[in-house]
Amino acid sequence: MIGLGGPSLGLREKLAVWAQLSSGKLAQGAKVAEFEASFAKWLGAKNAVAVNSGTSALHIGNLALGLGPGDEVIVPAFTFAASANSIALTGATPVFCDVDPTYFTLDPVQVEKLITPKTKAIMTVHLYGQMSDMTALKGIADRRKLFLIEDAAQAHGAAIDDIPAGSWGDYAAFSFYPTKNMTTGEGGAITTGSDDLVRVSKLLRNQGMLERYRNEVVGLNNRMTEIAAVIGLAQLKRIDGFNAKRVRNAGILTGELSGLPGVQLPVARENSKHVFHQYTVVVDGDRDSFASELRSLGVDSSAYYPVPIHKLAPFASKESLPISEHLSEHCLSLPIHPSLSPSRVKRVASSVRKVLGA
Ligand SMILES: *Cc1c(COP(=O)(O)O)cnc(C)c1O
């Protein structure tokens, strides 16, 4: 079975964990600080604050911006629940917006229509490693005096107009969950150009303290461990290679499948670097039977995400967001992970052609 892949953990990661365990230093310390500096440098971001998950990065970022009850935050309906959860957890209201049918990211025209006097922020998601339309969204945010937030959990190394994901918004959140483009086990990071947001984020992740027992605000324990940080430092030496292989594998699939009727292929935005966290197609017919036929040919696949967020129980609403609803029903992500050789990717493609009857 050709699977959707997991993390690539080599000798570098294993030796780093062994050495760290041997040092006895497990909780946030020098390695976390080193990982923050290295991650920011690799990204081309001014600052990074490491935390224990991508969800925590979003939650802390939102709290640091001062979002709370009575505020509205516009967020795509076609994303992972964490985007909306991080808004709701502050007491603010997620306002669900439809996405673009070609790029699957927030549709700026729909965003404008949802702005009310209560709107405080736009949270966009660089879904599957594809940059959102940042020029348009930044234009709206600047004009309407709203915060711009990037959920960059799937977009390590993506860029548009040579400006990387993580440097467009007031802050961005990255995830290092094992399925993401790079991992720390569990982990996340906030990147921001604002020294103020760095300070508040560091307070919030650690009980409101920068110095022991000098609590300045009410805070959380969302610290990254030293073990996670050394895994991250090892992965940072390999992330460019991982991304290059994802892009190569995506190129092979697109080359083999383009022009076939019955399936819409992903396209990268102009002037952008797409890092293909997922290679997601939209199938015309029944997605689930397509996936099970593919599985019978030895190729695994998965629907990210099968329910749009505005239809999940905690957010259930009657509004209709037709593109998000269509994509949830017809999207299917195919294996392109960095451990797949070109010949295995070609087998994925030939299996898709078979299912399509091509
Ligand atoms: C993975 C993910 C998150 C959450 O990251 P965790 O590290 O799993 O908490 C948030 N948003 C998106 C779009 C994600 O894919």
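The values are calculated or read from the model by the stated rules, or taken from the named source; none is laboratory data. Bear in mind that the values here come from a model prediction, so they are computed numbers and not experimental data. Glycine also receives a Cβ, built like all others from the backbone with ideal geometry; neighbour counts cover every protein chain displayed. Protein only, heavy atoms only, side chains kept; ligands, DNA and RNA dropped before computing areas. Shrake-Rupley method; radii C 1.70, N 1.55, O 1.52, S 1.80 Å.
Please go through the stretch 103-113 and pick out each residue that is over 18 Å from the mean Cα position of the chain (by Cα) and open to solvent by 50 Å² or more (accessible area, probe 1.4 Å).
The answer is VAL109, GLN110, GLU112, LYS113.
Counting just the residues of the stretch 237-255 that are of a type in the set (Val, Ile, Thr) and touching a strand residue (DSSP E or B) at 6+ places or on another chain (Cβ under 9 Å), which one comes out farthest from LYS273 (Cα to Cα)?
THR254
Quick check, is ALA313 hydrophobic (A, V, I, L, M, F, W, C), surrounded by fewer than 15 Cβ atoms within 10 Å (Cβ to Cβ) and over 26 Å from ALA40 (Cβ atoms)?
When the stated conditions are applied, ALA313 passes them.
Just give me the residues in the stretch 1-51 being in contact with a helix residue (DSSP H, G or I) (Cβ under 9 Å, 6 or more places away or on another chain), open to solvent by 50 Å² or more (accessible area, probe 1.4 Å) and not in a helix (DSSP H, G or I), in sequence order.
Residues satisfying the conditions are MET1, PRO7, LEU9, LYS25, LEU26, ALA27, GLN28, LYS46.
Say we look at the stretch 251-280 and pick out the residues that are aliphatic (A, V, I, L, M) and under 18 Å from the mean Cα position of the chain (by Cα); which of these is least open to solvent (accessible area, probe 1.4 Å)?
VAL275
Determine whether SER175 is at pLDDT 95 or above, small (Gly, Ala, Ser) and away from the ligand (no atom under 16 Å from the Cβ).
Against the criterion (at pLDDT 95 or above, small (Gly, Ala, Ser) and away from the ligand (no atom under 16 Å from the Cβ)), SER175 does not qualify.
Would you check which residues across the stretch 60-81 are within 15 Å of the ligand (Cβ to nearest atom) and surrounded by 24 or more Cβ atoms within 10 Å (Cβ to Cβ) and list them?
ILE60, GLY61, ASN62, VAL73, VAL75, PRO76, ALA77, PHE78, THR79
Sort out which residues of the stretch 36-56 are touching an Asp or Glu at 6+ places or on another chain (Cβ under 9 Å) and either among the hydroxyl-bearing types (Ser, Thr, Tyr) or within 16 Å of the ligand (Cβ to nearest atom) (or both), and write them in order of number.
ALA48, VAL49, ALA50, ASN52, SER53, GLY54
In the stretch 134-150, how many residues are open to solvent by less than 10 Å² (accessible area, probe 1.4 Å) and in contact with a helix residue (DSSP H, G or I) (Cβ under 7 Å, 6 or more places away or on another chain)?
So the answer is 4.
Across the stretch 114-133, which residue is least open to solvent (accessible area, probe 1.4 Å) among those that are of a type in the set (Val, Ile, Thr) and more than 16 Å from the ligand (Cβ to nearest atom)?
THR119
Filter the stretch 293-340 for residues that are part of a strand (DSSP E or B) and polar (S, T, N, Q); which is farthest from the chain's Cα centre (by Cα)?
SER302
Is one or more of the residues making up the stretch 83-94 more than 16 Å from the ligand (Cβ to nearest atom) and at negative phi?
yes
Does VAL230 qualify as being β-branched (Val, Ile, Thr) and under 24 Å from GLN154 (Cα atoms)?
So VAL230 passes the test.
If you take the residues in the stretch 222-258 that are in contact (Cβ under 8 Å) with a residue 40 or more places away in the chain and not in a helix (DSSP H, G or I), which one is farthest from SER23 (Cα to Cα)?
Among those residues, the one meeting the criterion is ARG238.
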